[in-house]
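Working notes, beginning with the structure itself.
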Amino acid sequence: SIQVCRIHIKGMTCTSCSTTVESALQAIPGVQKAQVALATEEAQIHYDPNILSYNKLLEAVEDTGFEAILIS
Ligand code: 9UX
């Protein structure tokens with residue numbers, strides 16, 4: 001079944017930052033839905049745990065140049 005992961009993202013300062021992170025998350029196979037909110041510095045991702053682990057989501061955020069901290 002689909003899991004929901006929440007990640008705190010440090011360092012985003014404009015909408016372009018959050019769009020970059022959101023697009024990177026949405027491009028990962030197994031991600032069903034990804035939303036990044038600049039105001040709360042949070043990402044919420046719906047993903048299939050049979051296809052990927054949440055570590056992959058954290059890695060993808062870090063690869064865009066921001067710090068990722070798992071919330072839940
Ligand atoms: Mo906005 Mo983010 O000009 O690294 S894209 S600050």
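Just so you know, all these numbers are worked out from the coordinates, no wet-lab data involved. It should be emphasised that the depicted structure is a prediction, and the values quoted were computed from it without experimental measurement. Cβ sites come from the backbone with ideal geometry, for glycine too, and all protein chains shown count toward neighbours.
What is the extension gain from residue 63 to residue 48, computed as 0.36 nm multiplied by their sequence separation minus the C-alpha to C-alpha distance, in nm to one decimal?
Numbers: separation 15, 0.36 × 15 = 5.40 nm, distance 2.06 nm.
Extra length available between residue 63 and residue 48 comes to 3.3 nm.
For a label point 7 angstrom out from the Cα of residue 10 toward its Cβ, which stretches of segment 17-42 have the backbone nitrogen within less than 15 Å?
Counting only backbone N, you get 41-42.
Per residue of the chain, what 222 nm ellipticity follows from adding -39500 (n - 2.57) for every DSSP H run with n ≥ 4, rounded to the nearest 500? Intermediate values should be presented prior to the final figure.
Working: 2 runs with 22 residues, N = 72.
My calculation for the chain gives -9000 deg cm²/dmol from helical runs alone.
So if I place +1 on the C-beta of Lys and Arg and -1 on the C-beta of Asp and Glu, and nothing else carries charge, what would the dipole magnitude of the chain be about its Cα centre? I want it in debye, nearest 20. Could the numbers behind the result be given before it?
On the way: 4 positive and 8 negative charges, 31 e Å.
My answer is approximately 140 debye.
Can you tell me the orientation of helix 54-63 relative to the chain, as the angle in degrees between its alpha-carbon axis and the longest Cα principal axis, to the nearest 10?
Computed tilt is about 30 degrees.
Relative to the present Cα-Cα distance, how much length would full extension add between residue 40 and residue 56 at 0.36 nm per residue of separation? Can you show the working numbers first?
Numbers: separation 16, 0.36 × 16 = 5.76 nm, distance 2.16 nm.
Length gained between residue 40 and residue 56: 3.6 nm.
Helix 15-26: angle to the longest alpha-carbon principal axis of the chain, degrees 0 to 90, nearest 10?
Once rounded, the angle reads 10 degrees.
Compute the relative contact order of segment 3-70 as a whole-number percentage, counting only Cα pairs closer than 8 Å that sit 6 or more residues apart in sequence. Intermediate values should be presented prior to the final figure.
Values: 114 pairs, mean separation 29.8, N = 68.
So the answer I get is 44 percent.
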